Amino acid sequence: MLPKLEGFAAALLGQLNQTVLATVVRDLEAFQATIVARNDLSAVLTDTSISNVARGQVVKDLLTDKVSSEALRLSTYAATAVLAQEVPGSIDDLAHVARTLLETGEFYHAGLGLLDARRRVAGYADALLEKIDTENFTSIEDDLFRWARTVEGNEGLRHLLLDRDAPLDARLGLTNQLLDGKVNPVSLELARFTIVGGRPRDVVGTLDFLVNYVAKSRDWRIARVHTARTLDNASQLQLAGSLSALTGKNVELQIAEEPSLLGGVLVEIGDLRLDATTRGRLGSLHDAVASGKYLDSALNRND
């Protein structure tokens with residue numbers, strides 16, 4: 001299983017009781033059987049010309065109200081997070097690890113290289129951050145940053161947490177002892193999985209990686225909308241829905257009215273900037289005229 005999907009699955013499946021987990025196993029196995037039986041579905045899921053977000057939306061639309069919410073989240077994430085040609089195999093991998101967890105009570109994490117181990121932790125973070133309000137993200141970043149500095153600056157603590165031969169229960173127990181009740185519950189879960197799913201010698205590095213990862217995740221969850229006129233509720237809902245479809249994430253709007261834009265909206269989310277304002281269009285037209293391109297095209301027309 002790809003590391004990021006493994007981390008996501010560990011976070012989600014680890015929270016389920018036996019009854020719900022059994023349902024998830026059946027749902028995932030049924031979906032995998034459907035992919036094998038339907039060449040048209042397999043062709044869509046493995047089509048490299050379809051964007052990952054669109055592929056995830058296809059799976060979400062297909063499975064909504066037909067499988068458990070947990071199986072829906074896992075399948076949609078798999079379709080979004082892995083390469084197109086690996087989607088069917090990833091669904092099969094999810095069904096396998098879910099059944100293994102159901103039958104043995106264990107979720108096995110193989111040793112990985114540094115980058116893959118961090119990707120596994122990132123997938124775990126995706127599952128936890130998906131369901132919380134963005135207002136909590138800053139406190140989680142602060143918690144993880146302070147914990148990284150604490151581990152970095154305390155020789156005894158660093159010696160235990162970075163010791164690959166130290167019992168896992170001892171490392172997790174000390175983490176709980178020092179953080180439980182003092183940090184956001186999501187921060188504690190991420191600090192714990194840094195030990196479980198990361199590399200022992202990279203605890204501090206993985207914590208710092210998570211600080212940046214949570215910050216980037218927040219940027220993709222908040223759309224800064226600059227509008228020339230007030231947006232009514234219907235327009236806001238439509239815009240939020242469109243941005244969610246574009247990014248594959250639940251998007252919150254931060255709206256600022258700026259009459260100087262003359263008309264339309266300017267949206268900034270993540271590293272995307274979508275300018276549909278009247279001032280933006282006028283600026284583009286001015287640049288085209290100033291460069292001579294518009295004049296050249298007009299003079300060279302064969303009317």
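The values are calculated or read from the model by the stated rules, or taken from the named source; none is laboratory data. In this text the structure is predicted, and so the values were computed from the model without any measurement. Note: ideal-geometry Cβ built from the backbone for every residue, glycine included; neighbour counts use all protein chains shown.
The single condition among (1) farther than 29 Å from residue 6 by Cα; (2) surrounded by 19 or more Cβ atoms within 10 Å (Cβ to Cβ) that residue 243 does not meet is (1).
Residues checked against (1) part of a helix (DSSP H, G or I); (2) in contact with a Ser or Thr (Cβ under 7 Å, 6 or more places away or on another chain); (3) free of Cβ contacts under 8 Å to residues at least 40 places away in the same chain:
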| site | (1), (2), (3) |
| --- | --- |
| 140 | yes, yes, no |
| 146 | yes, no, yes |
| 160 | yes, no, yes |
| 165 | no, no, yes |
| 173 | yes, no, yes |
| 181 | no, no, yes |
| 187 | yes, no, no |
| 191 | yes, yes, no |
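Any residue at all in the range 259-270 that is closer than 22 Å to residue 142 by Cβ and at pLDDT below 80? Yes - at least one qualifying residue is present in the range 259-270. Residue count for the range 5-50 satisfying the condition of being modelled with pLDDT under 95 and of a type in the set (Lys, Arg): 1.
Applying the condition of being acidic (Asp, Glu) and part of a loop (DSSP other than H, G, I, E, B) to the range 112-138 and asking which residue is nearest to residue 20 (Cα to Cα) yields 130. Does the range 198-216 contain any residue that is modelled with pLDDT under 90, part of a loop (DSSP other than H, G, I, E, B) and more than 15 Å from residue 138 (Cα to Cα)? There is no residue in the range 198-216 that is modelled with pLDDT under 90, part of a loop (DSSP other than H, G, I, E, B) and more than 15 Å from residue 138 (Cα to Cα). Against the condition more than 17 Å from residue 208 (Cβ to Cβ) and either touching a strand residue (DSSP E or B) at 6+ places or on another chain (Cβ under 7 Å) or among the charged types (D, E, K, R) (or both), how does residue 169 come out, does it pass? In short, yes. Among residues that are in contact (Cβ under 8 Å) with a residue 24 or more places away in the chain, in contact with a helix residue (DSSP H, G or I) (Cβ under 9 Å, 6 or more places away or on another chain) and surrounded by fewer than 16 Cβ atoms within 10 Å (Cβ to Cβ), residue 94 is not included.
When 204, 196, 211, 251 are screened for being of a type outside the set (Gly, Ala, Ser), touching a His at 6+ places or on another chain (Cβ under 7 Å) and touching a residue at least 24 places away in the same chain (Cβ under 8 Å), only 196 passes. Taking the numbered list (1) touching an Asp or Glu at 6+ places or on another chain (Cβ under 9 Å); (2) assigned by TED's automatic domain parsing to the domain that holds residue 180 in turn, residue 123 passes all entries but (2). Of the helices (runs of 4 or more DSSP H) lying entirely inside the range 15-111, those containing at least 3 residues that are charged (D, E, K, R) and over 29 Å from residue 200 (Cα atoms) are 18-37, 52-63. Residues of the range 228-250 that are of a type in the set (Val, Ile, Thr) and either modelled with pLDDT of 80 or more or farther than 26 Å from residue 58 by Cβ (or both): 230 alone.
From the list 74, 16, 12, the one residue that fits, being under 19 Å from residue 131 (Cβ atoms), more than 18 Å from the chain's Cα centre (by Cα) and either among the basic types (Lys, Arg) or not assigned by TED's automatic domain parsing to the domain that holds residue 192 (or both), is 16.
Number of residues in the range 51-80 that are surrounded by fewer than 16 Cβ atoms within 10 Å (Cβ to Cβ) and modelled with pLDDT of 90 or more equals 5.
The set of residues from the range 161-182 being within 18 Å of residue 146 (Cα to Cα) and not charged (D, E, K, R) comprises 161, 162, 172, 174, 175, 176, 177, 178, 179, 181.
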